[in-house]
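Here the structure comes first, spelled out in structure tokens, and everything after it is commentary.
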Amino acid sequence: MRILALETSRKPGSIALLDDATLVCEVELPEDGGPGRSLAPLIDAQLRFAGWCVADLDLIACTVGPGSFTGLRIGVTTAKTLAYAADSQILGVPTLDVVAEQAPGNIATLTTVLDAQRRQLFAARYDRSADQRWQAAGEPQIIDQSVWLEQLSGPSWVSGSGLQRLAGELPAAVQVVADTQWEPRAATVAEIALWRYQEGQRDNFWQLTPRYYRKSAAEEKWERQQ
């Protein structure tokens with residue numbers, strides 16, 4: 001099974017190709033260009049590297065949020081366009097699920113956080129199931145950093161790039177996943193998509209949309225002016 005995975009919720013973003021359970025390649029988008037300019041050429045280059053064409057793709061996966069408004073729109077639109085062209089299946093993977101999957105396998109409970117700006121965090125809690133898969137305890141929430149820190153209690157694990165601004169503020173009992181695993185990676189998106197597909201999960205091509213979890217600054221400004 002040939003999978004193309006896109007991660008555009010965070011900069012610089014990345015793409016990956018998976019052949020069954022074998023990672024064919026994973027490449028980051030250029031730092032000096034947004035996904036609007038670099039995503040399509042990079043996909044084309046990596047497909048050529050693998051000796052694949054778009055029609056060879058069985059599944060296209062992408063992160064759906066939370067994350068960058070622009071990045072998510074471009075990633076989801078690109079995934080849908082390619083899935084339509086290839087007549088392939090499509091799956092959206094929540095960004096915080098990807099961060100959780102990158103944590104060590106010996107952790108039973110985990111909270112993942114991303115920076116939501118305005119001294120707020122996107123946060124989600126996960127519990128390890130009997131089959132060793134992460135199960136989210138509800139939808140991600142937007143929460144003030146100060147409130148989230150107050151809610152941390154007892155021994156626990158946390159991960160995600162939202163921790164970058166919280167150095168020195170975490171309670172002593174809280175353990176932190178290595179920062180090399182904080183940013184979501186396309187290879188992990190592909191791995192999650194593979195086993196979810198094998199379990200029968202599919203997304204409706206026409207209904208798949210980014211999950212922003214909040215209105216954009218422009219939308220909030222417009223509402224205040226009305």
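Heavy atoms of the protein only, probe of 1.4 Å, neighbouring chains included. What is the accessible area of residue 139 in Å², nearest 10?
Approximately 130 Å² of residue 139 is accessible to the 1.4 Å probe.
Helix by helix, which DSSP H runs in the chain go 24 Å or more along their axis at the Cα atoms and have an average Kyte-Doolittle hydropathy of 0.0 or more?
Answer set is 69-86.
Take the stretch 78-226, compute every pairwise Cα distance, and split them into 5 Å bins from 0; I just need the percent in each bin.
2, 8, 16, 19, 18, 13, 11, 7, 3, 1, 0
Using only helices, what value at 222 nm comes out for the chain when you add -39,500 (n - 2.57) per DSSP H run of length 4 or more and divide by the total residues, to the nearest 500 deg cm²/dmol?
Taking each H run of at least 4 residues, the total per residue is -9500 deg cm²/dmol.
Using 1/(1 + (r/R0)^6) with R0 = 45 angstrom and r between the beta carbons of residue 56 and residue 31, what's the FRET efficiency to the nearest 0.05?
Efficiency computed from Cβ-Cβ geometry: 0.95.
What residues from the stretch 67-88 fall in the zone where the backbone N is under 13 Å from a label point 7 Å along the Cα-to-C-beta line of residue 202?
It comes to 87-88, nothing else.
Roll a 1.4 angstrom probe over the protein heavy atoms and tell me the percent of accessible area of the stretch 1-156 that is carbon or sulfur.
Solvent-exposed carbon and sulfur of the stretch 1-156 make up 48 percent of the total.
Can you compute the label reach from residue 176? Point 7 Å from Cα along the Cβ direction, backbone N cut-off under 11 Å, restricted to the stretch 122-161.
158-161
So if I take the centroid of the Cα atoms in the stretch 140-169 and the same for the stretch 86-139, what is the distance between those two points in Å?
Answer, in whole Å: 15.
Please give the length that would be gained between residue 169 and residue 156 if that part of the chain were fully extended, namely 0.36 nm times their separation in residues minus their C-alpha to C-alpha distance (nm, one decimal).
In short, 3.2 nm is gained.
What residues of the stretch 167-207 lie in the reach of a label at residue 19, counting those whose backbone N is under 12 Å from a point 7 Å from the Cα along Cα→Cβ?
none
Can you tally the net charge around residue 22? Count Lys and Arg as +1, Asp and Glu as -1, for every other residue whose Cβ sits under 13 Å from the Cβ of residue 22.
Net charge in that neighbourhood comes out at -3.
In debye to the nearest 20, how big a dipole does the stretch 82-226 give about its Cα centre with +1 on each Lys and Arg Cβ and -1 on each Asp and Glu Cβ?
Result for the stretch 82-226 is approximately 260 debye, rounded to the nearest 20.
How many Å² of accessible area per residue for the chain, probe 1.4 Å?
Heavy-atom accessible area per residue stands at 50 Å².
Sum up the charges of everything whose Cβ sits under 14 Å from the Cβ of residue 52, counting Lys and Arg as +1 and Asp and Glu as -1, but leave residue 52 out.
With Lys, Arg at +1 and Asp, Glu at -1, the net is -3.
What shape does the stretch 19-163 take by its C-alpha gyration tensor, where a ≥ b ≥ c are the square roots of the eigenvalues and a/c under 1.5 counts as rounded, a/b above b/c as prolate, and the rest as oblate?
Prolate, since a/c reaches 1.5 and a/b exceeds b/c.
Contour minus end-to-end for residue 195 and residue 106, with contour as 0.36 nm per residue of separation and end-to-end as the Cα-Cα distance?
30.1 nm
The values are calculated or read from the model by the stated rules, or taken from the named source; none is laboratory data. From a predicted model like this one, the values you see are computed outputs, not experimental measurements. Neighbour counts are summed over all protein chains in view; Cβ atoms, including those assigned to glycine, are modelled from backbone coordinates with ideal geometry. Surface accessibility is based on the protein's heavy atoms, side chains included, excluding ligands, DNA and RNA. Shrake-Rupley method; radii C 1.70, N 1.55, O 1.52, S 1.80 Å.
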